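Heads up, the thing below is written out as structure tokens.
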Amino acid sequence: MLELTDVVTTYGAVHALDGVSISVPDGTILAVLGANGAGKTTLLRSINGLVRARSGSIRYDGRDLLRTKVEDVVSLGIAHVPEGRGVITELTVEENLRLGALWRGDRDECATNLAATYQMFPPLAERRNKAADTLSGGERQMLVVGRALMSRPKLLLLDEPSLGLAPRITAQIMATLRRLRDEQQLTVVLVEQNARSALSVADSAVVLNLGKVVAQGSAAELAADDKLRHAYLGF
Amino acid sequence: MPGVLGRSTLLRHVLFAVIGGAALFLLTHELGEFRNSQLANIAYIACATAGLTVLTGLSGQVSIGHGAFMFIGAYTAALFLKHDLAERLLQHSGNANFGLIIVLLAAVLVCALVGGVVGVAAARLRGPYLAGITLALAIGIPVLPLWSKLEGPLGGHAGLPVNAPAPPTSVDYVRFQAWICCLSAVIVIFLLANLSRSRVGRAFRAVRDDEISASLAGLSVARVQVLAFVVSAACAGLSGGLFAIVAGSVGPASFPLSLSFYLLAAIVFGGLGSLAGAVYGAVLITLLPNWSTDIANSLSLSMRVQNNLPLVILGAALIVAMLVFPSGVQGLLRRGWGTVARRAT
Amino acid sequence: MTPINLILNGIAFGSIYAAVALALVLIWRSTRIVNFAQGGMLMVTTFIAYTLVQEHGQNYWVGLVVALLAGLVIGAVVERVLVRPVEGASPLNAVILTLGLLLLLQGGAGMIWGNGVASYPPAFSTIFYRVGHQELLFSPNYLFVVVSVAVVVVLLYLLFQRTSIGLRMRASAFSPEVARLLGVRVGRMLTLGWALAAAVGALAGVLIAGTAPNYMNPNGFDALLIYGFTAAVIGGLDSPIGAVVGGLLMGIAFAFLNNYVSVQIDTFYALVLLTVVLMVRPSGLFSRTATRRV
């Protein structure tokens, strides 16, 4: 269970997160929505420790994430696919994937995970030894999701996976997330600008505006709320 | 060249220059031979450091190679004196001191030219690449006299003797040298102070702080940077020329790599930010060997330790300065030269 | 002097320049800093070896191994203590910091070992090979120089391309933030990078001290830094292969220039080469294009 309580994160004088409280039960998909600059990316970065929250608490499975170093977060079962994807273009596809499992140190498990990932994302298998910068946008998204999954996470943080992708590919990725939630009880926190597709796959959703939570509830509820949709979600 | 300069600023600079010059002149009469030669030393180094602080502090281009420009200036002066070029130019063996001015001017102009060439090459380079090429300059230029073809004219390892013209009679030789060096330093600092306050100086700062904005505002970034190199090289050339006259001879061994390091250290410590700082820095690196000799003697340290003490002190101090100042170089720059006030658009 | 001889000679010295260039490239790739103190660091490790070999009678190989180990230690300590604080800041800070370190190392070495020129033994015989009646400008010592650098290059290649620690190091160099998200201890990888680079530099120091006269004094290795830097720029500051190729090309160029133009002015040749490369192809022969895309 991921729990944020009254989290405040600042960049200088700007309160990017201004008292955010959210809980995400295991095995569910939470969509985090809102306009640009609402604080969605800061939320994910605060969970990981890339930026330190000034006050409040962030706990996962009882562990205090505010006291955890960035490098150690993945060993708690949290994987983060950052804004801009984070493909390491100088490495090959397979090297990117192997990097995801490295912290585990178990070679056999790494090989198994690799095989599973290639099965899940066949285009990656075709290009396994090519440099990652030869991949298309959709393939890169598959790569970073696959890389995140290589670490066998229990919680997956995804920052705008649909950015720049064709709707068909976005749908594919969302379907994969749904399957992982069903089959492996993967918990997902999904930050998205494309609210419509996010709400279609999420269980619950939270809407941020200027660092504050302005709406919270099940995905169905929020999707049905016309006023909310027009005001914050653009459809 | 200075462009529009406030009349009060110019007046103030003239006042300082005159007062400073007079004070130094009196000082040279008070001091004995040893102190006067130290004063001469400080003064010609100050010419070089003043130029370097304009380049690195005001214009933001780091140079670890100014020893090379001093070398060029010194050898130019030596060659002019060796071949009596000044006399031939003046076409009469009149006042030897005019000859001296010609010799120093030659050193300045030759270095300005070379500085321009280096500046053009350096204008495209940033950060470590620029530092690297100036370092190559510092090591690569002073070996030229060792080239077999140039060994004759340039004197090879042993170098060239410098036949400085005799001072007017009844003037003590060392006092005369101190006076020429001080006068040169005062003139250099006066000119650079005016430059810094002028439109050109503002252009230097603008390019240093934000090249993109500066070029959008219509400044030619490359031209500004080349100009900064020309100015600073000219100052170093003057410094070299004075060095030649004071030292009485020039050779490759007088221009080791550590000279360029000392110059850079001088302006870092004097405060990357100001002409006054350049002078403090010059005092520091000129007197540091003496101070460390005194320390070494009082602690009865060996010759080896004594000779290397200045290096160790400077090196450690540079490291500590970079580690302790949170804003490092940028902080020093801002405190000293200041930034250009941005105009709201 | 026949061209073959010049090329052989050039390859021998070029291997040493390549090693220094490689050290600089390793550090540049991981921390985006040009280590101007590299010459000083390898000077100190060579002097440590010198103390063991010339003053305490140890054999050459002990000296070499100790120099390499000393390099690892110096590199790690310098990165962790001195460079880490300035890693994110303006490049000028790192330039002045590494220069300060160079001064400190030179002064310190002068205090401990004096400023005179000492001598360091070569690994093997320096008598040139003969082919029939012809004397080659190549000796067993030169062969050792080339082979040892080649071995190091191959080992580093295997380390970086085939091991997981090498993968971690590359990830830390290319995308430190992403690497941290994936659990890589980026700081440790950077320290390791500096340690390896300093060890490679230490090898270069021992090799050149035993191969060329006049190097073995506190200021003697300054030129080597410039040669290494020029070679690295020729190959592309980002490219280890470029460093090796650049070093070899430079060694050969110097051999020809020394023969046809003049000896004693290698640093001037380096200046000219560096200027030409920076004017014509500043990113070097082997660099990938500027920006990294994600």
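The values are calculated or read from the model by the stated rules, or taken from the named source; none is laboratory data. Here the structure is a predicted model, which is why all the values come from computation and not from measurement. Reconstructed Cβ throughout: ideal geometry from the backbone, glycine too, with neighbour counts over all protein chains shown.
For every residue, the table says whether it meets (1) without any contact (Cβ under 8 Å) to a residue 12 or more places away in the chain; (2) among the β-branched types (Val, Ile, Thr).
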site	(1), (2)
A:145	no, yes
A:168	yes, no
A:176	no, yes
A:198	no, no
A:205	no, no
A:234	no, no
| message | Can you report the number of residues in segment A:209-224 which are outside any strand (DSSP E or B) and under 19 Å from residue A:28 (Cα atoms)? | response | 5
| message | If I ask for residues that are part of a helix (DSSP H, G or I), in contact with a Ser or Thr (Cβ under 8 Å, 6 or more places away or on another chain) and not hydrophobic (A, V, I, L, M, F, W, C), which ones from segment A:148-179 would you list? | response | A:167, A:170
| task | Run down B:166, B:158, B:178 and say which single residue is under 20 Å from the mean Cα position of the chain (by Cα) and either buried (at least 23 other Cβ atoms within 10 Å of the Cβ) or on the phi < 0 side of the Ramachandran plot (or both). | result | B:178
| Which one of the conditions (1) within 14 Å of another protein chain (Cβ to nearest Cβ); (2) surrounded by fewer than 22 Cβ atoms within 10 Å (Cβ to Cβ) does residue C:151 fail to meet, given that it meets all the rest? | (1)
| Hey, residue C:215 in contact with a helix residue (DSSP H, G or I) (Cβ under 8 Å, 6 or more places away or on another chain), modelled with pLDDT under 90 and more than 17 Å from residue C:281 (Cα to Cα) or not | yes
| remark: Of (1) farther than 23 Å from residue B:181 by Cα; (2) at pLDDT 90 or above, residue B:58 satisfies every one except (2)
| task | Return a yes/no flag: does segment C:159-182 have any residue that is among the small types (Gly, Ala, Ser) and within 18 Å of the chain's Cα centre (by Cα). | result | no
| said: Looking at the structure I just gave you, is residue A:129 of a type in the set (S, T, N, Q) and within 11 Å of chain C (Cβ to nearest Cβ)? | reply: no
| said: Exactly one condition in (1) away from chain C (no Cβ under 13 Å); (2) within 25 Å of residue A:185 (Cα to Cα) is false for residue A:37; which is it? | reply: (2)
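Here's the yes/no breakdown for (1) of a type in the set (D, E, K, R); (2) assigned to a loop (DSSP other than H, G, I, E, B):
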position: C:88; (1), (2): no, yes
position: C:100; (1), (2): no, no
position: C:104; (1), (2): no, no
position: C:143; (1), (2): no, no
position: C:154; (1), (2): no, no
position: C:161; (1), (2): no, no
position: C:168; (1), (2): yes, no
| Total residues in segment A:77-126, condition over 13 Å from residue A:145 (Cβ atoms), polar (S, T, N, Q) and within 11 Å of another protein chain (Cβ to nearest Cβ) | 2
| So residue B:197, is it closer than 19 Å to residue B:127 by Cβ and basic (Lys, Arg) | no
| Neighbours by Cβ (under 8 Å, 6+ apart or cross-chain): first from segment B:52-67, within 11 Å of chain C (Cβ to nearest Cβ) and touching a residue at least 12 places away in the same chain (Cβ under 8 Å); second of a type in the set (Asp, Glu) and part of a helix (DSSP H, G or I) | B:60/B:209
| Complete set of residues in segment C:83-101 that are surrounded by 20 or more Cβ atoms within 10 Å (Cβ to Cβ) and within 7 Å of chain B (Cβ to nearest Cβ) | C:86, C:92, C:93, C:95, C:96, C:97, C:99, C:100, C:101
| For residue B:191: the one exception among (1) buried (at least 24 other Cβ atoms within 10 Å of the Cβ); (2) under 15 Å from the mean Cα position of the chain (by Cα) | (1)
| remark: Condition set within 17 Å of the chain's Cα centre (by Cα) and more than 9 Å from every other protein chain (Cβ to nearest Cβ), scope segment B:119-137, selection modelled with the highest pLDDT: answer is B:134
| task | Please work out if residue A:113 is part of a helix (DSSP H, G or I) and not aromatic (Phe, Trp, Tyr). | result | yes
| note | Within segment C:15-61, of all residues that are in a loop (DSSP other than H, G, I, E, B) and among the small types (Gly, Ala, Ser), the one surrounded by the most Cβ atoms within 10 Å (Cβ to Cβ) is C:37
| said: Which count do you get for residues in segment B:288-329 that are of a type in the set (A, V, I, L, M, F, W, C), more than 10 Å from every other protein chain (Cβ to nearest Cβ) and not in a helix (DSSP H, G or I)? | reply: 1
| said: Test of understanding: among B:135, B:146, which residue is farther than 20 Å from residue B:42 by Cβ and in contact with a His (Cβ under 8 Å, 6 or more places away or on another chain)? | reply: B:146
| query | Just checking, which of C:233, C:245, C:277 is of a type in the set (Val, Ile, Thr) and more than 13 Å from chain B (Cβ to nearest Cβ)? | reply | C:245
